[in-house]
Amino acid sequence: MSTTDPDALLGPADVRELAAALGVRPTKQRGQNFVIDANTVRRIVRTAEVRPDDVVVEVGPGLGSLTLALLESADRVTAVEIDDVLAAALPTTIAARMPERKDRFALVHSDAMQVRELPGPAPTALVANLPYNVAVPVLLHMLDRFPTIERTLVMVQAEVADRLAARPGNKVYGVPSVKANWYAEVKRAGAIGRNVFWPAPNVDSGLVSLVRRPEPPKTTATKAEVFAVVDAAFAQRRKTLRAALAGWAGSPAAAEAALVAAGISPQARGESLTVEEFARIAEHKGAGGAGGAEGAEGAKWASPYGYRPRSTCSWPSAGSATTGTTTWPTCSWPSGCTTRSPSPPPSR
């Protein structure tokens with residue numbers, strides 16, 4: 001499936017010339033850092049093990065550096081691009097540099113987080129240089145929305161790569177690690193230097209490989225219920241699970257009952273648990289018979305992509321706390337409010 005034209009891929013001069021013609025300047029707001037090295041994009045395609053029969057979805061194609069390399073090897077490529085100028089220009093770039101493959105390319109002009117369906121055959125692989133500022137939410141959304149994606153290779157900020165691939169007990173193990181592992185076996189797949197990007201970022205980059213599990217962890221709990229436990233556990237990661245899960249369960253005692261029923265020490269911390277152990281905890285919510293009103297709300301205010309505070313709370317204020325220039329009411333719930341991280345408590 002490889003093209004015979006060695007000049008089809010974009011080099012440093014091509015990228016800058018194309019960007020100048022379009023009036024494009026990479027923006028930090030959208031985490032844009034364009035790959036300018038043909039060897040790097042071919043390496044990414046090789047590491048992703050893209051096959052001739054693959055239908056690849058790419059998020060954030062930018063000027064098309066990786067897109068062209070993917071079209072050399074895959075059957076079809078669908079690119080999802082939010083930027084108006086870049087989305088309008090990409091089909092023209094593909095037609096000009098790889099005309100024999102233009103009918104195997106499709107563009108979706110959209111925010112990836114809003115994509116619910118893709119044109120053509122179902123995707124079998126996700127390969128992308130993900131914008132640093134939205135990498136984890138986009139990755140989890142795509143894995144969740146498109147279960148036919150069997151293999152994924154993403155280039156992300158090195159720190160994010162470490163977190164995604166971290167194992168229980170690692171100091172950077174957290175919400176991204178657990179949630180990614182719900183869908184796939186995750187591992188680091190290499191490092192990428194700064195000099196292959198324009199503009200060169202201030203951080204290193206890493207490749208992360210995700211191979212989808214044959215099926216999610218076996219559990220009677222729903223994914224949303226499991227993710228609610230994960231969010232609560234890491235919202236106060238320095239606390240024991242008995243304390244961290246008190247809001248989710250309804251009280252410290254109810255959290256302890258769920259943990260004991262799941263075979264987990266109440267003194268353990270979230271960073272030591274596997275995704276299967278989080279699922280067991282979710283299965284045993286209410287094991288002590290005292291979930292309470294607070295616990296019943298748990299799944300409603302957890303996001304599948306990260307922890308978010310709920311919008312209302314029936315518990316009375318017990319004072320106030322100041323964050324920056326804003327004063328927030330504090331919660332009178334005995335275990336403390338678990339909605340404080342990463343955002344300040346919502347106005348009651």
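Exactly one condition in (1) closer than 20 Å to I149 by Cα; (2) touching a strand residue (DSSP E or B) at 6+ places or on another chain (Cβ under 8 Å) is false for P12; which is it?
It fails just one condition, (1).
Any residue that is polar (S, T, N, Q) and not in a strand (DSSP E or B) - is there at least one of those in region 154-165?
The answer is no; no qualifying residue exists.
Could you check region 172-211 and list, in sequence order, the residues that are assigned to a helix (DSSP H, G or I) and under 18 Å from the mean Cα position of the chain (by Cα)?
Passing the criteria: V175, P176, S177, V178, K179, A180, N181, W182, Y183.
For every residue, the table says whether it meets (1) surrounded by fewer than 21 Cβ atoms within 10 Å (Cβ to Cβ); (2) polar (S, T, N, Q); (3) in a strand (DSSP E or B).
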{"residue": "V41", "(1), (2), (3)": "no, no, no"}
{"residue": "E49", "(1), (2), (3)": "yes, no, no"}
{"residue": "L71", "(1), (2), (3)": "no, no, no"}
{"residue": "V77", "(1), (2), (3)": "no, no, yes"}
{"residue": "V80", "(1), (2), (3)": "no, no, yes"}
{"residue": "P91", "(1), (2), (3)": "yes, no, no"}
{"residue": "E100", "(1), (2), (3)": "yes, no, no"}
{"residue": "A106", "(1), (2), (3)": "yes, no, yes"}
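Could you figure out which of (1) within 30 Å of D14 (Cα to Cα); (2) touching a residue at least 12 places away in the same chain (Cβ under 8 Å) isn't true of A257?
(1)
Filter region 219-242 for residues that are at pLDDT 95 or above and outside any helix (DSSP H, G or I); which is nearest to the chain's Cα centre (by Cα)?
Filtering region 219-242 for residues that are at pLDDT 95 or above and outside any helix (DSSP H, G or I), the one nearest to the chain's Cα centre (by Cα) comes out as T222.
Here is a list of conditions, (1) buried (at least 20 other Cβ atoms within 10 Å of the Cβ); (2) in contact with a helix residue (DSSP H, G or I) (Cβ under 6 Å, 6 or more places away or on another chain), and A235 meets all of them except one; can you say which number that is?
For A235, the failing item is (2).
Here's a check for you: in region 11-26, which residue that is open to solvent by 50 Å² or more (accessible area, probe 1.4 Å) and part of a loop (DSSP other than H, G, I, E, B) is nearest to N133 (Cα to Cα)?
This residue is R25.
Cβ-Cβ under 9 Å, sequence separation 6+ or interchain: first residue in region 182-209 and over 27 Å from P168 (Cβ atoms) and touching a residue at least 60 places away in the same chain (Cβ under 8 Å), partner surrounded by fewer than 13 Cβ atoms within 10 Å (Cβ to Cβ) and of a type in the set (S, T, N, Q). Which pairs?
Close Cβ pairs satisfying both conditions: V196/N39.
Can you tell me how many residues within region 258-274 are crowded, with 23+ Cβ neighbours inside 10 Å and either modelled with pLDDT under 95 or in a helix (DSSP H, G or I) (or both)? Full working, then the answer.
We begin by selecting, within region 258-274, every residue crowded, with 23+ Cβ neighbours inside 10 Å; these are 258-259, 270, 273.
After this cut, where a residue has to be either modelled with pLDDT under 95 or in a helix (DSSP H, G or I) (or both) as well, the list is 258-259, 270.
So the answer is 3.
Being of a type in the set (K, R) and farther than 22 Å from V41 by Cα is true for just one of K187, K179. Which residue is that?
Testing whether each residue is of a type in the set (K, R) and farther than 22 Å from V41 by Cα leaves just K179.
Would it be correct to say that A96 is out of contact with any helix residue (DSSP H, G or I) (no Cβ under 7 Å at 6 or more places or on another chain) and in a strand (DSSP E or B)?
Against the criterion (out of contact with any helix residue (DSSP H, G or I) (no Cβ under 7 Å at 6 or more places or on another chain) and in a strand (DSSP E or B)), A96 does not qualify.
Please verify whether region 134-146 includes one or more residues that are of a type in the set (V, I, T), touching a helix residue (DSSP H, G or I) at 6+ places or on another chain (Cβ under 7 Å), open to solvent by less than 30 Å² (accessible area, probe 1.4 Å) and not in a loop (DSSP other than H, G, I, E, B).
Looking through region 134-146, at least one residue is of a type in the set (V, I, T), touching a helix residue (DSSP H, G or I) at 6+ places or on another chain (Cβ under 7 Å), open to solvent by less than 30 Å² (accessible area, probe 1.4 Å) and not in a loop (DSSP other than H, G, I, E, B).
Can you tell me how many residues within region 191-226 are open to solvent by less than 60 Å² (accessible area, probe 1.4 Å), within 13 Å of A180 (Cα to Cα) and among the hydrophobic types (A, V, I, L, M, F, W, C)?
3
The values are calculated or read from the model by the stated rules, or taken from the named source; none is laboratory data. Computed from a prediction, not measured in an experiment: that's the story for all the values here. Quick reminder, even Gly has a Cβ in these numbers, built from the backbone with ideal geometry, and neighbours come from all protein chains shown. Quick note on the areas: whole protein, heavy atoms, side chains included, nothing else; ligands and nucleic acids left out. Shrake-Rupley method; radii C 1.70, N 1.55, O 1.52, S 1.80 Å.
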